[in-house]
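Report on the structure given below.
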Amino acid sequence: MLPTVMSVQTETIERSRQESDNECQCPLGECRSSLLPLLSEVTRVVGRGADLPTTVQLVLALLQRHLQVLFGMVSLYDPATGQIFIHEGIGLSDEAMARGIYAPGEGITGRWWRPANL
């Protein structure tokens, strides 16, 4: 039986609190020794198979907690519209999230996007 989304979120947040001594203490979040606990936690979250929005939110929250990420986003390509949009983000205002629609080649996000067949 799969755990509920709420139980996954609660368990992940609680585990992160318990492992706070493993958090990176470097000013810019560069401590490589802190990456193993983070990678382990990300693997657990992804492996549980929750829905995509929940999984992405939890992974972004872990990056924020362990690496002091202030802003982050996961963008997806919509083949029906030909646009790249912000699927989930942290540290972004609602306005920034709504504005986050790009055409391939537009802005930093659009310039990094490449179709899978290239």
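The values are calculated or read from the model by the stated rules, or taken from the named source; none is laboratory data. In this text the structure is predicted, and so the values were computed from the model without any measurement. So basically every Cβ, Gly included, is an ideal-geometry build from the backbone, and we count neighbours across all protein chains shown.
For the range 37-44, check the following and say yes or no: at least one residue is modelled with pLDDT of 90 or more and aliphatic (A, V, I, L, M).
Within the range 37-44 (the criterion being modelled with pLDDT of 90 or more and aliphatic (A, V, I, L, M)), the answer is yes, since at least one residue qualifies.
Return the total of residues in the range 55-89 being buried (at least 17 other Cβ atoms within 10 Å of the Cβ), β-branched (Val, Ile, Thr) and either in a strand (DSSP E or B) or in contact with a Lys or Arg (Cβ under 9 Å, 6 or more places away or on another chain) (or both).
Summing the residues that are buried (at least 17 other Cβ atoms within 10 Å of the Cβ), β-branched (Val, Ile, Thr) and either in a strand (DSSP E or B) or in contact with a Lys or Arg (Cβ under 9 Å, 6 or more places away or on another chain) (or both) in the range 55-89 gives 3.
Kindly establish whether VAL45 is under 18 Å from the mean Cα position of the chain (by Cα) and either part of a helix (DSSP H, G or I) or in contact (Cβ under 8 Å) with a residue 24 or more places away in the chain (or both).
Spelling it out, VAL45 is indeed under 18 Å from the mean Cα position of the chain (by Cα) and either part of a helix (DSSP H, G or I) or in contact (Cβ under 8 Å) with a residue 24 or more places away in the chain (or both).
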